[in-house]
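Every read-out reported here was derived from the displayed coordinates using simple, explicitly stated rules and does not represent laboratory data. Note that this is a predicted model, so its numbers are computed, not measured. In this analysis, Cβ positions are derived from the backbone assuming ideal geometry, glycine residues included, and neighbour counts consider all displayed protein chains.
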Amino acid sequence: MGKLIDIAGDSSTMLLGINRYATVADVASSGQWNIRRCRSCHLWAMIAAINSVPPPVEDAGSDRVLWKHRDDNYRPWFSSSRTWDQLREHSPIVEWSDRTSAWGEVQGCRLCGEPDETRDYLFFACPYSFTVWTDLTVCLLPRPSPDWNITMTTLLSPRRNKVDSCLLRLAFQGSIYLLWREHNGRKHNNSWNSPAKLVKSLDRTIRNRISSI
């Protein structure tokens with residue numbers, strides 16, 4: 001049901017003779033609930049619901065920890081996906097580009113307006129994304145390429161030192177994430193950010209990540 005105060009208000013603990021900081025075990029003894037009789041009719045339904053539940057007794061053994069998976073569905077194991085599904089903000093289902101493209105709809109690039117948006121174009125043949133990529137890696141890549149395959153070869157090159165390789169991969173991962181978020185923000189929320197703003201955000205994120213290592 002939840003916390004007593006959340007359900008019945010701040011005065012409910014005083015009306016029922018229960019300490020504000022009492023646990024469930026503190027309100028039960030000798031197999032009975034220790035709840036004061038109350039004349040407030042708005043509490044009767046709650047009291048009846050409490051009395052319908054057997055009070056805790058030592059002979060019943062230790063309490064079990066249960067994790068909420070869905071409404072009224074509790075399990076003895078933790079599920080990160082179920083927990084995240086309850087914490088996240090649910091949004092309406094939208095049609096993604098791969099499906100609408102299969103229907104013959106033209107997929108224009110949301111970042112620059114070119115008519116053909118593909119993975120290879122978005123990362124980093126698109127002028128917008130290439131600006132972000134070059135500005136972010138100016139000290140690591142003297143001549144960055146807009147070609148996806150060349151970029152992959154560069155990232156996997158064993159000839160780089162470990163520090164440069166780590167920084168380059170952090171920059172790549174951050175660029176992919178923020179560029180795709182910018183793409184979806186323009187498509188679904190009509191929100192726009194300049195390349196400079198994305199670079200500034202990425203630079204701060206990478207610095208924070210490095211300082212935590």
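Structure notes:
- Residue match in the range 21-32 (condition: among the hydrophobic types (A, V, I, L, M, F, W, C), surrounded by fewer than 16 Cβ atoms within 10 Å (Cβ to Cβ) and part of a loop (DSSP other than H, G, I, E, B)): yes
- Each residue in the range 33-73 was checked for being surrounded by fewer than 11 Cβ atoms within 10 Å (Cβ to Cβ), outside any loop (DSSP other than H, G, I, E, B) and of a type in the set (S, T, N, Q), and 1 pass.
- Restricting attention to the range 170-194 and to residues that are exposed (fewer than 13 other Cβ atoms within 10 Å of the Cβ) and assigned to a helix (DSSP H, G or I), the residue that is nearest to the chain's Cα centre (by Cα) turns out to be Y177.
- Restricting the range 154-169 to residues that are in contact with a Ser or Thr (Cβ under 9 Å, 6 or more places away or on another chain) and in a helix (DSSP H, G or I), the residue that is surrounded by the fewest Cβ atoms within 10 Å (Cβ to Cβ) is L155.
- I7 being in contact (Cβ under 8 Å) with a residue 12 or more places away in the chain and more than 36 Å from the chain's Cα centre (by Cα): no
- Qualifying positions in the range 107-125 - out of contact with any Asp or Glu (no Cβ under 8 Å at 6 or more places or on another chain), surrounded by fewer than 18 Cβ atoms within 10 Å (Cβ to Cβ) and over 12 Å from I176 (Cα atoms): C112, G113, E114, P115, D116, T118
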